[in-house]
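Written below as structure tokens is the structure these notes are about.
What follows draws every value from the coordinates through simple rules; no lab data is involved. Keep in mind that what you see is a predicted model, and the values were worked out from it rather than measured. Please note: Cβ atoms are built from the backbone with ideal geometry, for glycine as well, and neighbour counts cover all protein chains shown.
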Amino acid sequence: MFGVCSSLTKIIAKGPQLLHQQTRNTFILKRKWPPPLHKKGGKPSKLRGRHFVYDLVEDTNVAKKPDIKVILNQFIDGVGNAGDVLSLRPTIAYRDYLLPGLAVYASPENMDKYKVDESKPKRESEYSSAHVQRTMGCLSRLVLQITMSKSEPWILEPWHVRTSFRKAGYVVPEYAITMPPITIKGPDMTLQEKEFFVTVKINNKEEVKVRCRIHHWATGLERLPWVEAHWKKPLEALIPDQAPILENMPLAN
């Protein structure tokens with residue numbers, strides 16, 4: 001008997017250790033049927049089963065936590081400069097900024113360390129918003145395909161370009177589009193192998209040039225064959241004055 005107990009003790013000792021971890025769980029409850037009051041100095045009434053039925057008022061585990069403030073310790077494209085104070089959701093702050101080491105808590109010590117003064121007006125940035133630089137980079141690499149009819153006459157107008165931007169996933173109003181200096185009309189198959197650019201103004205401040213190409217569309221036997229990865233191939237400039245600029249513009253990978 002003692003041998004069996006000794007063996008069991010050794011097996012339990014060699015087994016995996018149990019992890020005892022404290023958790024912070026707070027539930028705020030309210031009695032559904034409050035117990036009756038008793039007279040001063042009297043004997044309290046006996047609680048019945050219904051007095052132990054509670055309604056959940058608040059579960060702090062699922063309650064929305066307030067935003068936390070962090071200070072950027074370096075420049076982040078599309079976010080801000082070093083020393084900028086951001087107010088973020090806790091999950092985003094921990095995952096995207098604090099854990100990678102891109103920001104620190106906005107504690108009084110860190111406010112003094114990074115010389116942050118929230119009462120001072122923010123200095124004007126080089127760009128009109130934090131996302132302009134990224135937007136300009138995306139548009140400058142875009143090859144915008146403008147689909148036009150192969151059988152019906154047309155003249156290229158800003159709304160054609162706006163619609164093509166929308167098909168590519170960009171919302172660009174017509175007033176922000178500067179068309180080429182010449183009139184482009186068709187159908188003209190010589191336009192199929194040429195390109196030009198339009199200028200897009202962002203927030204009435206920054207300007208970016210976008211490479212455009214005309215594609216003639218038709219159905220049936222008149223339909224043009226598909227060219228694989230056509231956006232990677234440089235084409236001849238439709239407007240000779242735009243050729244040097246188009247050569248320096250990046251092509252999509």
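A few remarks follow.
- Theoretical FRET efficiency, 1/(1+(r/R0)^6), r = Cβ-Cβ of Trp226 and Ile182, R0 35 Å, to 0.05: 0.75
- Taking each of Lys185/Lys233; Lys64/Lys205; Lys185/Lys232; Lys65/Lys113; Lys150/Lys209; Lys69/Lys209 in turn, the alpha-carbon distance tops 31 angstrom for Lys64/Lys205; Lys69/Lys209.
- Check: the chain dipole with +1 on Lys, Arg Cβ and -1 on Asp, Glu Cβ, in debye: 2620 debye
- With the simple model of a label 7 Å out from the Cα in the direction of the Cβ, Ala130 to Ser149 spans 4.7 nm.
- Seen against the Cα atoms of the chain and their longest principal axis, helix 158-168 is set at about 40 degrees.
- Two-site FRET efficiency, Leu102 against Arg141, from Cβ-Cβ distance with R₀ of 35 Å, rounded to 0.05: 0.90
- Taking Thr23, Thr183, Thr163 and counting other C-beta atoms within 10 Å, the order from fewest to most: Thr23, Thr183, Thr163
- Proximal charge balance of Ser149 [Cβ under 15 Å; K/R count +1, D/E count -1]: -1
- Convex hull volume per residue, computed on the Cα atoms of the chain, equals 461 Å³.
- Distance in nm between pseudo-label sites at Leu29 and Val171 (7 Å out along the Cβ direction from Cα): 4.9 nm
- Fully extended contour minus Cα-Cα distance, from Leu251 to Lys39, at 0.36 nm per residue: 67.6 nm
- In this label model, Leu235 and Gln22 are separated by 7.0 nm, measuring between points 7 Å along each Cα→Cβ vector.
- For the chain, the longest principal axis of the C-alpha atoms and the axis of helix 2-14 are separated by about 30°.
- If you wrap the tightest convex hull around every Cα atom of the stretch 112-253 and split its volume per residue, you get 148 Å³.
- DSSP-defined antiparallel bridges as percent of all bridges, the chain, nearest 5: 75 percent
- The stretch 155-183-the stretch 193-232 distance, computed between alpha-carbon centres (Å): 10 Å
- Since only Leu37, Asn203, Trp154 are under comparison, the one whose Cα sits farthest along the positive direction of the charge dipole of the chain, derived from C-beta charges on Lys, Arg, Asp and Glu, is Leu37.
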